[in-house]
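Derivation of every value follows stated rules applied to the coordinates shown; laboratory data play no part. Here the structure is a predicted model, which is why all the values come from computation and not from measurement. Heads up, the Cβs are rebuilt from the backbone with ideal geometry, glycines too, and the neighbour counts pull from every protein chain shown.
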Amino acid sequence: MREELKVPHISTGDILRQAVADGTRLGLEAKKVMEAGQLVSDEIMLGIIRERLTQPDAQRGYILDGYPRTLPQARSLDELMGERSAPAVVVANISVDREELVRRISGRRSCTNCKAVFNVHLQPPQKPDVCDGCGQSLVQRADDEEDTVRERLAVYDRETRPLLEYYGDRVANVDGQGSPQDVLERLSSVVAQHVGERGKS
């Protein structure tokens with residue numbers, strides 16, 4: 001998707017995990033919250049987004065992954081977009097069966113060395129718990145353990161699902177069932193349509 005739109009993919013989760021790995025003050029604060037399946041504070045997240053969007057590669061647009069997740073975050077993001085005279089946000093809502101989500105997320109394994117990601121159900125490594133690329137160990141992130149995933153989904157229901165009503169006609173609904181390629185094709189088509197419609201308005 002980022003290649004097609006020629007914009008950066010900005011994952012707040014990746015930014016936070018890097019802060020955890022680097023042992024920064026923000027990382028240490030976020031670590032406890034993330035491992036419990038809870039949400040990092042709105043103030044911290046907005047600061048991260050504000051700083052990232054000032055970088056040169058984000059001036060033509062960007063894909064925000066994992067933000068906003070709460071109504072206050074959505075309102076703050078709209079205010080930030082207004083400050084920057086940026087186009088209105090388009091939200092991609094990918095719908096997947098709840099138990100399938102638990103299976104997908106809890107099946108993820110990451111390489112401790114090259115950071116490659118596998119899935120024991122959908123894209124397993126050739127050898128169990130060993131990275132195909134560099135041969136190092138694969139691990140399950142603490143926030144991908146099944147109990148934590150279910151807690152994350154409960155948090156989603158409470159905190160994030162209300163955003164669908166907030167964004168209204170800015171939401172692009174996408175069927176998330178099927179292969180990654182199938183979902184990508186649907187997502188690309190729907191987002192391109194919404195972006196085109198916004199450009200005409």
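The figures follow:
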quantity: In sequence order, calculated HN-Hα J values of segment 184-193 (Karplus, 6.51, -1.76, 1.60; Hz; x Gly/Pro); calculated: 4, 5, 5, 4, 4, 5, 5, 5, 4, 5
quantity: Gain on full stretching of the segment that runs from Asn173 to Gln140 - 0.36 nm per residue minus C-alpha separation; calculated: 8.9 nm
quantity: Full-extension gain in nm, Glu83 to Glu35, via 0.36 nm per residue minus C-alpha separation; calculated: 13.9 nm
quantity: Peptides ranked, highest mean first, by Cβ atoms within 10 Å: ranges 99-106, 21-28; calculated: 99-106, 21-28
quantity: Cα Rg over Rh - the chain, Kirkwood; calculated: 0.95
quantity: Within the chain, percent of DSSP bridges classed antiparallel, to nearest 5; calculated: 50 percent
quantity: Cβ-based exposure ranking for Asp157, Asp65, in which fewest neighbours within 10 Å come first; calculated: Asp157, Asp65
quantity: Estimated distance in nm for a label pair at Ala192 and Arg161, the labels positioned 7 Å out from Cα along Cα-to-Cβ; calculated: 3.3 nm
quantity: Calculated FRET efficiency for the pair Thr24/Asp97, C-beta based, R₀ 41 Å, to 0.05; calculated: 0.65
quantity: Virtual spin-label span in nm between Gln55 and Arg75, 7 Å along Cα→Cβ; calculated: 3.0 nm
quantity: Potential extension, Glu185-Asp147 segment - 0.36 nm per residue separation minus Cα distance; calculated: 10.6 nm
quantity: Principal axes of segment 1-89: Cα extent on each, largest first, Å; calculated: 35, 27, 20
quantity: Gaussian network model of the chain, springs between alpha carbon atoms under 10 Å - residue of Asp144, Asp169, Asp78 with greatest fluctuation; calculated: Asp169
quantity: Value at 222 nm in deg cm²/dmol, rounded to 500, when DSSP H runs of n ≥ 4 in the chain each add -39,500 (n - 2.57); calculated: -14500 deg cm²/dmol
